[in-house]
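The values are calculated or read from the model by the stated rules, or taken from the named source; none is laboratory data. Just so it is clear, the structure is predicted and the values come from calculations on it, not from any experiment. Glycine gets a Cβ as well: all are built from the backbone with ideal geometry, and neighbour counts include every protein chain shown.
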Amino acid sequence: MALDVLRLSTSSFPEGDRDEVIREYYGKIAQRMEIEPAAGRPFHMDVAAMRLPGVMVGHGTVSALAGSRTAAMRCDGASDIILSFQKQGAVLREGERETVVRPGDVSLTALDRPTTLFMSEERNRFLTVQISRASLAPLLANVDDLLRGSLQIGRPGLRLLEAYASSLSPEDLQDPDVQMLAARHLVELAVIALASTPDGVRKAGAGGLRAARREAAKAIVMKAIDSPHLSAAWVAARLGVTPRYLHKLFEDQPQTFARFVTDTRLARAMRALSDPLQRDRRIVDIALQAGFGDVTTFNRAFRRRFGKSPSECRP
């Protein structure tokens, strides 16, 4: 099953056609919402979305607008739950109730409700996770009772859901089995964030929480890959877990934690070595910048990984 990816930017259309394209395509076909740009203000939208089994993940930026699920649109039968991380904040109106979503928090609603979401800034960044009720049903009882309009970002599971959803890319989701796995992890993390029954949280935590923490650990490694002091203990402390638990997160993966760190450093070194513009750089400097403590360890690991010496890989 090919991954369904939607990308849309107002910059791709003549200025006079932008409103119509957004209203008819993105609003009524893709997201099934009535889009109303703020009057008298320049309108722009740059969004991308991926459709996984039972889940859709979208992100991007939009100018000031209102997005509504009109009565006519609610006749389509769609009832997905939508968690939207609002970087600049928003206001969610549902019937007579109005909820102020603070910057960084999450707006929470469903497509079968009469809702309008107002974004007022010139540039509003968002990340949305849209989940079918059928996907949530086995783990969440009475989901409608949980739709309170907004969730604070400090709520357990929300930051992990945000980090995991942000880490997904179309390039990594070409395999249908990987799509199924990613969708399941997103559902499990959403269940934790929505505060279901203790039994539901326990079931969800078995998969989605581990995956999100593993991705968070990888992100920490990538940011500090050039440091020779990078270690399991250092990463675990920043993740809020023990080193033993960190290693367990990688037990069912193709790479151990140590192998992930080493391979990431080697890949960085290989990019530098194969770059003609860096031909005059010393190999020892490239090794140290990649995070290796000494050139001997680097040479040994490099030959084991690539079957060649570093000097043989230079252009």
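Structure notes:
- Among the residues of segment 214-261, those identified as touching a Ser or Thr at 6+ places or on another chain (Cβ under 7 Å) and of a type in the set (Val, Ile, Thr) are Val221, Ile225.
- Just so you know, in segment 109-136 the residues that are small (Gly, Ala, Ser) and over 21 Å from the mean Cα position of the chain (by Cα) include one that is surrounded by the fewest Cβ atoms within 10 Å (Cβ to Cβ), and it is Ala134.
- Of all residue pairs spaced 6 or more apart or on separate chains, those with beta-carbon atoms under 9 Å, a first member in segment 91-108 that is on the phi > 0 side of the Ramachandran plot and a second member that is part of a strand (DSSP E or B) and of a type outside the set (Phe, Trp, Tyr) are Gly95/Thr115; Gly104/Gln86.
One line per residue, one yes/no per condition, for (1) closer than 26 Å to Ala232 by Cβ; (2) touching a His at 6+ places or on another chain (Cβ under 6 Å); (3) without any contact (Cβ under 8 Å) to a residue 24 or more places away in the chain:
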| position | (1), (2), (3) |
| --- | --- |
| Arg265 | yes, no, no |
| Ser274 | no, no, no |
| Ser309 | no, no, yes |
| Pro315 | no, no, no |
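- Those helices (runs of 4 or more DSSP H) of segment 238-291 in which at least 2 residues are out of contact with any helix residue (DSSP H, G or I) (no Cβ under 6 Å at 6 or more places or on another chain) and surrounded by fewer than 13 Cβ atoms within 10 Å (Cβ to Cβ), considering only elements entirely within it, cover 257-273.
- Summed over segment 1-24, residues that are among the basic types (Lys, Arg) and at pLDDT 75 or above total 1.
- Subset of segment 164-180 (residues that are in contact with a helix residue (DSSP H, G or I) (Cβ under 8 Å, 6 or more places away or on another chain) and either surrounded by 14 or more Cβ atoms within 10 Å (Cβ to Cβ) or outside the structural domain of Asp144 (by TED's automatic domain parsing) (or both)): Tyr164, Ala165, Ser167, Leu168, Leu173, Val178
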